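Following: one structure in structure tokens, then a few remarks.
Derivation of every value follows stated rules applied to the coordinates shown; laboratory data play no part. Keep in mind that what you see is a predicted model, and the values were worked out from it rather than measured. Here the Cβ positions follow ideal geometry from the backbone for every residue, glycine too, while neighbour counts run over all protein chains shown.
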Amino acid sequence: YTTFDELDDAHPFVQATKRAAMQFNEAAHTLFQRKQTDFVWRGRPDFMIEYVKHGTLTHVVIGEVKYTTNEAYIQSGLAQLLRYMHFMKTTAQPQVYGLLCVNDYRPMQYDNIQLLSANDSTMQLPKLEE
């Protein structure tokens, strides 16, 4: 998650993002009696696999699941996955991998991201060093 206090950059995009989140918080409270929070953004992936060696986090696999064949919805899942990967907060500096699991689409890989279809169970997870 990211709180309002963490966004102190003067860049117009950052400030607009903060203002929009603050206004949403106030409007949702007024219109829907939603409890106010101090979050600008928060999210939780569908699953995470953490590799820990001698008490140190070395690798993280973040997974997002979209049970669909719709390419536009798959792309929205990719955008979510990338947000989770880039906004992850940890004191360690693990290698981060993304796994986008979908119903039926040809499996592919781009850099540290895998697109995995339910019809193809070939998953490549990081190997832990001995």
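Worth pointing out:
- Members of the stretch 1-45 that are of a type in the set (D, E, K, R), in a loop (DSSP other than H, G, I, E, B) and closer than 22 Å to residue 92 by Cβ: 42, 44
- Residue within the stretch 99-109 that is over 11 Å from the mean Cα position of the chain (by Cα), under 18 Å from residue 58 (Cβ atoms) and in contact (Cβ under 8 Å) with a residue 12 or more places away in the chain present: no
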